[in-house]
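Just below is one structure, and these are the notes that go with it.
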Amino acid sequence: MPYRLVVFDFDGTLADSLPATVEIFNRLAADLGHRPVEDVAAARAMTTRQFLRHHRISLWRLPRLVRRFHAAAAERADHLRLFPGLPDALAALRAGGARLGILSSNREDTIRRCLRANGVEGLFGFVVGYPKLFGKGKALRRLVRAERVPAAEVVYVGDEVRDVEAARKAGVAAAAVTWGFHADGILRDSRPDLVVAAAGELAAALTSRAS
């Protein structure tokens, strides 16, 4: 049976936002006192908590950084592009009967502006902005209950280890994509249910895995 509900992370999973993310993060570094990203490959091999420690971001300072970051990211939402091949993959999943949604740490208005600019907003049944780096599992569990879909028929698609962890905590399948923030190796170490290496393969990978 195909997945009835496919929930996506946004940044790095749908939106090709890593270059903008690094630029904004580094621009805020001088003002907020954290260490800038100098080696993107090294950053992609760190878990979120390792990244925070390495860049000298304490948990009590994190909310301010997130607010400032989201405000800066919102200014670019209309110019942010989805990864090549994803619009067709999303359309194929929707045509196959799946309900699509988004659960992201980004803001809902920013996400919707990007989706609209890329012509895919109508493919999604909902967009949920959860403005915290941690706790996605709880938010995903609430979302699945609200959608009234059995957990066995739900998959969460993300590009970071914390997305895989969120799916595990919510009791749903985890699909990790390798074109986003976290590198292939660290994603595989988190043991997702499946790994997708090319955007054009997403629809087929989810369908075959759920069959």
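Every number in this text was worked out from the coordinates using simple rules, so none of it is lab data. All figures in this text were calculated on a predicted structure; none of them were measured in a lab. FYI the Cβ positions are ideal-geometry reconstructions off the backbone, even for glycines, and counts take in every protein chain you see.
Here are the numbers for the structure shown:
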| read-out | value |
| --- | --- |
| Two-site label geometry, ALA74 and LEU123: point separation in nm, points 7 Å out along Cα→Cβ | 2.6 |
| The chain - Rg (one decimal) and Dmax (whole number), Cα, Å | 16.3, 51 |
| Qualifying trypsin sites (Lys or Arg not before Pro) for the stretch 122-211 [loop in DSSP, other Cβ within 10 Å: at most 11] | ARG148 |
| 5 angstrom amide H check on VAL177, placed H, neighbours 5+ away | GLY158, ASP159, VAL196 |
| Pair ALA92, ARG188: separation of 7 Å Cα→Cβ label points (nm) | 2.3 |
| Long-range Cα-Cα pairs in the stretch 101-152 (distance over 16 Å), rounded percent | 44 |
| Magnitude of the charge dipole, the stretch 18-78, Cβ model with Lys/Arg +1 and Asp/Glu -1, debye to 20 | 360 |
| Reach of LYS138 by Cα under 13 Å, taken over aspartates and glutamates that are not fewer than 8 positions away in the same chain | ASP163, GLU165 |
| Between 0 and 90°, nearest 10: helix 108-117 axis offset from the chain longest Cα axis | 70 |
| Two-decimal log10 I(q)/I(0) for the stretch 1-83, as the Debye equation yields it once each C-alpha is a single scatterer, q = 0.11 Å⁻¹ | -0.35 |
| Computed E for LYS169/ASP39 - FRET, C-beta separation, R0 41 angstrom, nearest 0.05 | 0.85 |
| Rg/Rg_globular for the stretch 154-211, with Rg_globular taken as 2.2 N^0.38 Å and Rg from C-alpha atoms | 1.00 |
